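Quick notes on the structure that follows.
The values are calculated or read from the model by the stated rules, or taken from the named source; none is laboratory data. Values in this document were obtained by computation on a predicted structure and should not be read as measured data. Note: ideal-geometry Cβ built from the backbone for every residue, glycine included; neighbour counts use all protein chains shown. Ligands, DNA and RNA are stripped out before the accessible areas are found, and what is left, the full protein with its side chains, is counted by its heavy atoms. Shrake-Rupley method; radii C 1.70, N 1.55, O 1.52, S 1.80 Å.
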Amino acid sequence: MTVKEIKIAYAEYGSLEQLEPQDRELAKAAIEATKSSYAPYSHFNVGAAVRLEGGEIVCGSNQENAAFPSGLCAERTAMFYANAANPEKAMLSIALAGCQNGILCETPATPCGACRQVMAQYQTKSGKDMSVLMVGREKIWKFDRVDDILPLIFDSI
Ligand code: THU
């Protein structure tokens, strides 16, 4: 038996100003996208912004429904929209932000497992790394590729 270790490195920033200009623009787009969230049940407003190859930014937000499983997270709303409109373009980066009562959460909102799985597959589809930016009021976390937040991804079929 051998004990194996998985180490994950990520960057932590203290403010939007510390980010590279492209990441700052994407983070701001995710914050802005929280405004289109429809969350009458959780009152947790999430925004996501996807950077496509070529530079375009596509946004989404969480959309809830009285039939709970019919709702969708912000990240998947943004990614499905991005790939439906631009199936040939790689998604190079995704940012997400969570708000409550109109205030950006202090600690970054982190993507749910289902959203990570969808990110992983679009990354595999394009063959290009997709970075993930989790934007909070006090901290911003950046992971360079989806593998870092979903190691040992199922891709056997
Ligand atoms: N939510 C997202 O939009 N993204 C995530 O990664 C986690 C959760 C949404 C779903 C639901 O509308 C609300 O946040 C509370 O779970």
Please go through segment 1-33 and pick out each residue that is among the polar types (S, T, N, Q) and under 16 Å from the mean Cα position of the chain (by Cα). Gln22
Scan segment 81-94 and tell me whether some residue there is touching a residue at least 24 places away in the same chain (Cβ under 8 Å) and within 11 Å of the ligand (Cβ to nearest atom). yes
Out of all the residues in segment 30-55, which are within 10 Å of the ligand (Cβ to nearest atom) and either aliphatic (A, V, I, L, M) or surrounded by fewer than 24 Cβ atoms within 10 Å (Cβ to Cβ) (or both)? Ser37, Tyr38, Ala39, Pro40, Tyr41, Ser42, His43, Phe44, Val46, Ala48
Only one of Ile8, Ile31 that is closer than 21 Å to Gly136 by Cα, touching a residue at least 60 places away in the same chain (Cβ under 8 Å) and not in a helix (DSSP H, G or I): Ile8
Cβ-Cβ under 7 Å pairs, at least 6 apart or on other chains, segment 58-77 side under 10 Å from Ala39 (Cβ atoms) and free of Cβ contacts under 8 Å to residues at least 24 places away in the same chain, far side more than 9 Å from the ligand (Cβ to nearest atom) and of a type in the set (A, V, I, L, M, F, W, C): none
Where a residue in segment 134-157 is aromatic (Phe, Trp, Tyr) and its partner, wherever it lies, is surrounded by 15 or more Cβ atoms within 10 Å (Cβ to Cβ), with Cβ under 6 Å and at least six apart: Trp141/Pro108; Trp141/Met134; Phe143/Val132; Phe143/Ile149
Considering segment 93-107 alone, what residues qualify as being buried (at least 17 other Cβ atoms within 10 Å of the Cβ) and more than 11 Å from the chain's Cα centre (by Cα)? Cys99, Leu104, Cys105
The correct count of residues that are open to solvent by 100 Å² or more (accessible area, probe 1.4 Å) and not acidic (Asp, Glu) in segment 3-22 is 7
If you take the residues in segment 56-77 that are in contact with a strand residue (DSSP E or B) (Cβ under 6 Å, 6 or more places away or on another chain) and more than 8 Å from the ligand (Cβ to nearest atom), which one is farthest from Gln22 (Cα to Cα)? Gly60
